[in-house]
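The values are calculated or read from the model by the stated rules, or taken from the named source; none is laboratory data. The structure presented is a predicted model; accordingly, all values stated were derived computationally and were not measured. Every residue, glycine as well, gets a Cβ built from its backbone with ideal geometry; the counts of neighbours run over all protein chains shown. For the accessible areas, the whole protein counts, side chains as well, though only heavy atoms, and no ligand, DNA or RNA atoms are used. Shrake-Rupley method; radii C 1.70, N 1.55, O 1.52, S 1.80 Å.
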Amino acid sequence: MSMQGFGEMISKLKKNPKSIVFTEGSDSRILEAASRMLASNFLTPILVGEPEAVKAAAEEANYNIRGAQIVDPNNYERMDEMVAAFCEIRKSKNMQPDEARKILAQGNYFGTMLVKMGEADALLGGVTYSTADTVRPALQIIKTKPGASIVSSCFIMVRPAASGEEEVLAMGDCAINIKPTADQLAEIAIGVAECGKVFGMDPKVAFLSYSTNGSAAGEDVDKMREATQKAKELRPDLLFEGELQFDAAVSPKVAAQKLPNSEIAGRVNTFIFPDINAGNIGYKIAQRLGNFSAYGPILLGLNAPVNDLSRGANAEEVYSMAIITAALAE
Ligand SMILES: CC(C)(COP(=O)(O)OP(=O)(O)OC[C@H]1O[C@@H](n2cnc3c(N)ncnc32)[C@H](O)[C@@H]1OP(=O)(O)O)[C@@H](O)C(=O)NCCC(=O)NCCS
C-alpha cells in the first residue's frame, strides 16, 4: 500500500513507537508481519500464545521474531489483577472470578484486557476469530469513547488511478451495525468522514438509497434523508448529500439530471449505506469487480484502537492494518 496518509502514519510511529497485541500469536501470517515490524522498529508486536508454540511456529516458517514479546494467558504474572479488573468491568453482569478466569484464557479477551490495563497501545485480531468474536470483547471491555454512542466501522478503498495517483474512497458501516437508525447513521457518517481525512481525503459524503431526492418513497428513504439532515446540523463544516442513488453520487452526468443543485453529487468519495446488507455487499463489489484494495473494517468510536482482520487476510494486509491501527492510537 502506498496510500497518501500512510507515509505520514509511519513517520508518526517512528517519532512515537507503539505496541500492538496480536490475539493469534502463532498464526504464520501474524508471525510474518511481526518479523517485518521487528525489523523496521516503530511497532512492537505483542504475541498472545504459548511461548514454545509461538517460537516453534516462527522457526518452522523461518520468520525471525527475536525481540517479540510473547504473553501466555495460561501463565501470566498479572492474571489475578486482570481477573479482578475484568470482574469490575463486568460487574453489572455479575461476573465472578472463576468464570472470568475461563473467559480470560481465550486470546481475544486476554488481548483486549492487555490494552485495557495499559500493557499495549492497540490490538489486531481476527485471522482465525470471527468479526463478532474479535469485536465483542472490545465492546464489553474497551467500550465507546466519550461523545460516541456506538462503535461502527469504515473501509478505506484504494486503487491506482489513470493519473498515476491513487483513487481513495471511504465506506461505512459495512461490518458492525446491522440496522442503524437515522441518528446512528449521522454519527457513522461523521466518523467515516473523519477517518477518511486521516488517509488524506477531502470527504464528500453521500447517504445512499434507492431514491434520489424523493424520487421514490419508503421507510429507508425517509431514514437516509433524516440522517442527512442530522449530520448537516451536527457538522456544518462537512459536506453531506442525501438521500441519493449511487449513480447520482458518482456520475457527474447523472447528478446533473437528478440533483443539479448539489454541491457534491457526481463527485462523492465517501459512501454511507442504509444497513449492513447494502454496506457489506457494496464494499465487496468495489473490491472484487472494481479492483479496489479494501483496508478495514477500521473500528470507529472505541476508546482504544482495536481492529478486526478478515480471515482471508495475508501477511501484507496484517502489516498494513497493524500500522493503521497503531497510528490511530493517540
Ligand atoms: C458487533 C456485534 C458482534 C455485537 O454482537 P453481540 O455480542 O451479539 O451483541 P450484544 O448485543 O450481546 O452486545 C455485547 C455488548 O456490546 C455492546 N454493543 C453491541 N453493539 C454495539 C455497538 N454497535 N456499539 C457499541 N456497543 C455495542 C452491547 O451494549 C453489549 O454491551 P454489554 O455486554 O456491556 O451489555 C454484532 O452487532 C454483530 O455481530 N454485528 C455484525 C458483525 C458481523 O458479523 N459482520 C460481518 C461482516 S465483517
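Quick notes on this one:
One line per residue, one yes/no per condition, for (1) open to solvent by 60 Å² or more (accessible area, probe 1.4 Å); (2) out of contact with any His (no Cβ under 7 Å at 6 or more places or on another chain); (3) closer than 17 Å to Val21 by Cβ:
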position	(1), (2), (3)
Leu43	no, yes, yes
Asn74	yes, yes, yes
Ala100	no, yes, no
Gly107	no, yes, yes
Lys116	yes, yes, yes
Ala120	no, yes, yes
Leu124	no, yes, yes
Thr128	yes, yes, yes
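- Every test in (1) within 12 Å of the ligand (Cβ to nearest atom); (2) within 21 Å of Ala327 (Cβ to Cβ); (3) among the aliphatic types (A, V, I, L, M); (4) open to solvent by 10 Å² or more (accessible area, probe 1.4 Å) is passed by Met95 save one, and that test is (2).
- Selection within segment 121-139 - in a loop (DSSP other than H, G, I, E, B) and either closer than 12 Å to Val48 by Cα or within 13 Å of the ligand (Cβ to nearest atom) (or both): Gly126, Tyr129, Ser130
- Candidate set: segment 293-328, residues that are small (Gly, Ala, Ser) and in a strand (DSSP E or B); chosen: the one nearest to the chain's Cα centre (by Cα): Gly296
- Among the candidates Ala53, Ala39, Ala34, residue that is within 20 Å of Leu328 (Cβ to Cβ) and without any contact (Cβ under 8 Å) to a residue 60 or more places away in the chain: Ala34
- Scanning segment 198-210 turns up one or more residues that are modelled with pLDDT under 95, away from the ligand (no atom under 16 Å from the Cβ) and either more than 17 Å from the chain's Cα centre (by Cα) or open to solvent by less than 10 Å² (accessible area, probe 1.4 Å) (or both).
- Within segment 149-178, restricting attention to residues that are among the small types (Gly, Ala, Ser) and part of a loop (DSSP other than H, G, I, E, B), the residue that is nearest to the ligand (Cβ to nearest atom) is Ala175.
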